[in-house]
């Protein structure tokens with residue numbers, strides 16, 4: 001069997017249940033409540049401290065003022081973002097491309113146009129090896145929009161949190177990985193000063 005080349009998630013401990021990380025050349029959505037750690041996971045994928053190669057990427061931010069190293073994309077439309085992603089690929093400015101957030105694009109341009117963007121406009125970029133990660137925020141989208149977006153991407157990771165007694169439990173739920181078996185366990189994680197990291201327990205789903 002041909003070995004699948006993978007790229008580290010950047011999250012301590014998460015590569016193992018994913019057999020080494022995200023397959024290269026895939027589109028990824030990280031979905032959850034705005035305070036569940038979605039943006040932290042995106043930043044860890046952007047600049048993974050767990051990678052021996054110390055490879056970085058390009059972070060396009062639409063929702064807020066850019067932090068150091070990010071690119072302000074709030075005034076870009078879908079076509080300009082697609083062209084920017086192509087430019088990043090061609091100039092080899094990073095194999096990890098983050099678009100934060102897909103929720104903003106859906107609000108501005110509608111789910112149908114965003115689906116075309118995700119399915120077709122970035123396909124050539126993915127075919128050449130980079131990963132494109134999108135953040136998507138819970139509570140902002142209709143159920144049918146969410147299902148269509150989930151079908152359009154290769155990988156869909158949901159960050160969930162629940163209250164158990166007086167404790168908050170946070171888990172990764174890998175809902176979709178195109179072309180391979182979905183992990184049968186949710187993976188607990190903690191939010192630390194460095195970002196997200198796996199806890200030591202997991203649950204069968």
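Taking the 0 to 90 degree range and rounding to the nearest ten, how far is the long axis of helix 143-152 tilted relative to the main principal axis of the chain, both from C-alpha atoms? Long axis of 143-152 versus the principal axis of the chain: about 70 degrees. At 222 nm, what helix-only mean residue ellipticity would the chain give, in deg cm²/dmol to the nearest 500, using -39500 (n - 2.57) for each DSSP H run of four or more? Using -39500 (n - 2.57) per qualifying helix, the result is -7000 deg cm²/dmol.
Legend: ranking of residues 109, 31 from fewest to most surrounding C-beta atoms inside 10 Å; resulting order 109, 31. Computed extension gain for residue 64 through residue 151, at 0.36 nm per residue and net of the alpha carbon distance, reaches 28.6 nm.
The antiparallel fraction among DSSP beta bridges confined to the chain stands at about 50%. In terms of surrounding Cβ atoms within a 10 Å radius of their Cβ, 99, 24 rank from fewest to most as 24, 99. Mind pulling the angle between the C-alpha long axis of helix 78-90 and the longest principal axis of the chain? Nearest 10 degrees, somewhere in 0 to 90. Long axis of 78-90 versus the principal axis of the chain: about 80 degrees.
Volume per residue for the chain equals 133 cubic angstrom (convex hull of Cα atoms). For the stretch 114-205, the equivalent ellipsoid built from the Cα gyration tensor has semi-axes of 28, 16, 14 Å, listed from largest to smallest. Computed from the C-beta positions of residue 3 and residue 162, the FRET efficiency with R₀ = 45 Å rounds to 0.80. In plain terms, the residue of 133, 70 with the fewest other Cβ atoms within 10 Å comes first and the most crowded comes last, giving 70, 133.
Computed from the coordinates by the stated procedures, all read-outs in this text should not be read as laboratory data. These numbers were taken from a predicted model, which means no experiment stands behind them. When we count neighbours, we look across all protein chains shown, and the Cβ atoms used for this are built from the backbone with ideal geometry, even at glycine.
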